[in-house]
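Chemist: Quick one: the structure is below, questions incoming.
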Amino acid sequence: MKEKKIKVLLIVPRFGTVNRGVESFAKEFVSRLDKNQFDLTVLSGNHHEIVEHVSFVKKKCIFREKLKFIDRFYLAEWFFRIFGFGSSSEIESFTLCLNSIRFFWEKDFDIVIPLGGSWTYRFSNFFYTKAKIISIGQAGPVLSDINMSDIFIALTPYDKEIAKKLNPEKTVRVIPNGVDFKKFNSSSIGIKLNNSQVVILCAAALVPEKRHDLLFNAVLNLPENVVVLCVGSGPNYEFLKSHPLYLKGRVSFRNVEYEKMPAIYKCADIFSLASPDETFGIVFIEAVASGLPVVANQAERQKFVVGPCGLLCDVYDENLYSLALRKVMGMKLSKRVKDRHLKTFDWNHVIKEYELILKTIL
């Protein structure tokens, strides 16, 4: 007798529209989940890609780009917070769920994975009282999300500790983000254009919390042949162009498609992202897989992700930061050490961990 497939619903408002964080995870997850064991449905906004063995349901929602004024103006944020909307992303997920009420009412699922913030959890709990709710901490442990789920998936051991303190009764498991190493460990892609330069790559959205300015400050203390290549886009672009390092001609900005990133990594000598509060930092893993030593902030999450493949320092101290960058110049990562560290983050391993959770939670 053929075993019945487990019906899984994944709610992600922006599937296929951007290649960051939750969206990148969702794309890899749905393309790798065993189609012989799981019947997967993706509920998203009205723009997404298609994966052959996955059912997609499109519903209209107000994308956060049209609501930027909420995040920029305190009074607007305060007004919407009164009604339970603290940010533009929460309105985005609320409007998606609101337009999906009929779908929720008509369709049953065994497992629901909300990836759109608190409103996706609230709607899931209301309509799917018999289903198991899995919370994946792409934004770190959030108490309300943990309380509204049956199990919390922490990306790092540090997040597991926080989640257990927030709710000691909740089941918590650690499954890190995954990387497709075949894309990044090829030696035949990427050509460094100027061998006299030491290129520090920073791949991140140009937003204040990524703290590109801390990296720029540290590089000012290094020889003039050390330059920074920033890959990404965002509202901080004009501000960063006023930095002394850029005015000296030692910073370049590029905005490339995710598919071209393996070649970009191969053009650099070092990878560094200052972001002190990075929830995970999948770019660190991609950099290590590409053979680049990493310099990051000295924090528990970065310690887990970077491991023995780089240096951690106090990024707020530009002298210590520049010293760490200087130390990794010319550093060659041991293949044995690198492969042993990266094994934990291989998508082939990660997806098996998720499939086990999905089967045993029922």
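The values are calculated or read from the model by the stated rules, or taken from the named source; none is laboratory data. In this text, all values refer to a predicted model and were calculated from it rather than measured experimentally. A quick note on method: Cβ atoms are made from the backbone with ideal geometry, for glycine too, and the neighbour counts reach across all protein chains shown. Accessible surface is based on the protein model in full, side chains and every heavy atom, while ligands, DNA and RNA are left aside. Shrake-Rupley method; radii C 1.70, N 1.55, O 1.52, S 1.80 Å.
Chemist: For the chain, which longest stretch is free of loop sites, where a loop site is one of the chymotrypsin sites (Phe, Trp or Tyr not before Pro) that DSSP puts outside H, G, I, E and B and that has at most 11 other Cβ atoms within 10 Å?
Modeler: The segment 84-362 is the longest one with no such site.
Chemist: What FRET efficiency do you get for Ile101 and Gln298 if R0 is 41 Å and r is their Cβ-Cβ distance, rounded to the nearest 0.05?
Modeler: According to the calculation, E is roughly 0.30.
Chemist: Before anything else, pin down the relative contact order of segment 212-320: Cα pairs under 8 Å, at least 6 apart, normalised by residue count, whole percent.
Modeler: Averaging sequence separation for qualifying contacts and normalising by length gives 25 percent for segment 212-320.
Chemist: A follow-up question, please. Could you tell me which of Gly310, Leu155, Gly178 has its Cα farthest along the dipole of the chain towards the positive end, charges placed at Cβ (Lys, Arg +1; Asp, Glu -1), taken about the Cα centre?
Modeler: Of the options given, the answer is Gly178.
Chemist: Only Lys, Arg, Asp and Glu count, each charged at its Cβ (+1, +1, -1, -1), so figure out the dipole size of the chain about its Cα centre, rounded to 20 debye.
Modeler: Its charge dipole is roughly 600 debye.
Chemist: Further, regarding this structure: Separation between the Leu143 and Ala263 pseudo-spin-labels, each 7 Å from Cα along Cα→Cβ, expressed in nm?
Modeler: Placing both labels 7 Å beyond Cα along the Cβ direction yields 4.9 nm.
Chemist: Roughly speaking, to the nearest percent, how much of the chain's 1.4 Å accessible area is carbon and sulfur?
Modeler: 52 percent
Chemist: Using only the alpha carbons, work out the radius of gyration and Dmax of segment 236-346 in angstrom.
Modeler: 14.4, 42
Chemist: May I ask you to list the trypsin sites (Lys or Arg not before Pro) in segment 192-285 that are in a DSSP loop and have at most 16 other Cβ atoms within 10 Å of their Cβ?
Modeler: When the trypsin sites (Lys or Arg not before Pro) of segment 192-285 are filtered for loop state and at most 16 Cβ neighbours within 10 Å, Lys192, Lys248 remain.
Chemist: Enumerate by residue number the trypsin sites (Lys or Arg not before Pro) in segment 105-171 meeting two conditions: DSSP loop (anything except H, G, I, E, B), and at most 14 other Cβ atoms within 10 Å of the site's Cβ.
Modeler: Lys130
Chemist: Need one number: convex hull volume per residue for the chain, Cα atoms only, in Å³.
Modeler: Here the figure is 151 Å³ per residue.
Chemist: Also, quick follow-up: With charges set only on the Cβ (+1 for Lys and Arg, -1 for Asp and Glu), what does the dipole of segment 252-305 come to about its Cα centre, in debye to the nearest 20? The partial results should precede the final answer.
Modeler: Values: 5 positive and 7 negative charges, 23 e Å.
Here segment 252-305 has a charge dipole of around 120 debye.
Chemist: Any idea how far apart Lys4 and Lys35 come out in nm if each label point goes 7 Å out from Cα toward Cβ?
Modeler: Between Lys4 and Lys35, the simple spin-label model gives 2.3 nm.
Chemist: Would you mind getting the accessible area per residue of the chain, heavy atoms of the protein chains only, 1.4 Å probe, in Å²?
Modeler: For the chain, the per-residue accessible area is 50 Å².
Chemist: Still on this model: Using Cα atoms only, what is the angle between the long axis of helix 157-166 and the major principal axis of the chain, expressed in degrees (0 to 90) to the nearest 10?
Modeler: The angle comes out at about 50 degrees.
Chemist: Under a crude label model (7 Å from the Cα following the beta-carbon direction), how far is His349 from Leu362 in nanometres?
Modeler: 2.7 nm
Chemist: Taking amide hydrogens as modeled 1.01 Å from N in the peptide plane, which residues meet the under 5 Å criterion relative to Val228, leaving out close sequence neighbours?
Modeler: Ile200, Val251, Ser252
Chemist: When the helices in the chain are scored as -39500 (n - 2.57) per DSSP H run of 4 or longer and the sum is shared across all residues, what 222 nm value do you end up with, to the nearest 500 deg cm²/dmol?
Modeler: Estimated from H runs of four or more residues: -10500 deg cm²/dmol.
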